[in-house]
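Heads up: the structure comes next, in structure tokens.
What follows is calculated from the coordinates using simple rules that are stated; it is not laboratory data. If you're wondering where the values come from, they're calculated on a predicted model, not measured in any experiment. Every residue, glycine among them, receives a Cβ derived from its backbone with ideal geometry; neighbour counts consider all protein chains shown.
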Amino acid sequence: MSTPPTFDHVVGQQSAVRQLKTAVDAYFHSRSLASYQPFPHTLITGPSGTGKTLLSELIAQEICVNLHVELAQNLTSQEAVRAALMSLEPEDCIFIDEIHELKHQVTLYRAVEERKLFIGKKHAVDLPPFTLIGATTHEYKLSRSMRDRFLIHARLSHYSPTEMVHIVNQRASRSGILMEPDAIREVANRSRGVPRIAVRLLEASQRVANACEASQANIGHVRRMCSEAEIDSLGFDFIEQRYLKNLREEGTVRLNMLASALGIPTKSVATMEEDFVRLGLVTKSDKGRMLTPKGVEHLVSNDENSSSKPAG
């Protein structure tokens, strides 16, 4: 059985990890004092797939408490929010993912500050000491009142290429996946700084290696997997590539027109294009979206490679 990860196993995100380790040390010191308080309410923000859930799990693990996991979209009423809070035992942590989607944030305000739930105008229910951990990809969609109630704000970012190699290597080792160094670098390069994408590509590459009855995955297996799944050199899938090709064909295109051409909701397209903009492939203006020279170069490079068979 592998050793459970700790803060020391987290790659990158140094500022966030330092904040949380300091808070854990302070928490254990305060337990011997008369002024003891539960672990501070914590907000973890950053792009999708960069480790917000992992850090919440590590907080609960480090301070030896139970973690209750909730998705904000599932807490659709005040009653659902209250029920989630009333299920907590003393010292528990409650993790609310994508907390900016919570429609009844006001219900949390006094629960967080006073540990009370107010039902109607007069009736109040006392809550045990607890810690709220919120995670969001859009921190400014949270009300200012909600953001200000978190005493710790840990911000995450995308990972560098070197960090991604370390993450892929770490995950392969933990999962018992044997991969040649070139294969690890290939997976890292196609993951665009997002561990969640790397894990998906890593496991898919292992399946190809297993199908080939190979003892370990090599770069040829990674490239074959990407070819079969229509994943390009930056890890973009077929739909994402269609987005880029649509801009190449049409020039400047508005969001609603892109959504119509792709057959997916505008909200999904807006989320998809965040990586295009971050990587410098697409620019946005009042007139719409358009490819940058780097975006054109990326498409040309993939066109040139599309007819080549992957090695291995």
When 234, 108 are ranked with the fewest other C-beta atoms within 10 Å first, the list becomes 234, 108
The rounded separation in angstrom of the Cα centers of the range 254-289 and the range 199-246 is 24
In deg cm²/dmol, rounded to the nearest 500, the helical mean residue ellipticity at 222 nm of the chain, built from -39500 (n - 2.57) for every DSSP H run of length 4 or more, is -15000 deg cm²/dmol
Measuring from its Cα centre, the chain shows a charge dipole (+1 at each Lys and Arg Cβ, -1 at each Asp and Glu Cβ) which, in debye to the nearest 20, is 740
Taking a label point 7 Å from the Cα of residue 155 along Cα-to-Cβ, the residues of the range 51-66 whose backbone nitrogen sits under 15 Å from it are none
So the angle from the long Cα axis of helix 293-306 to the longest Cα principal axis of the chain, reported in degrees to the nearest 10, equals 60
Long-range share for the range 157-225, i.e. C-alpha pairs more than 20 Å apart as a percent of all pairs, stands at 17
On the formula 1/(1 + (r/R0)^6), with r taken between the Cβ atoms of residue 216 and residue 162 and R0 of 25 Å, the FRET efficiency rounded to 0.05 is 0.65
Helix 219-229: inclination vs the chain longest Cα principal axis, degrees, rounded to 10, gives 80
Options (i) 163; (ii) 131; (iii) 237 for volume of the Cα convex hull per residue in Å³; the value derived from the coordinates is listed as (i)
With a Förster distance of 25 angstrom and the Cβ-Cβ distance between residue 19 and residue 140, calculated FRET efficiency to the nearest 0.05 equals 0.80
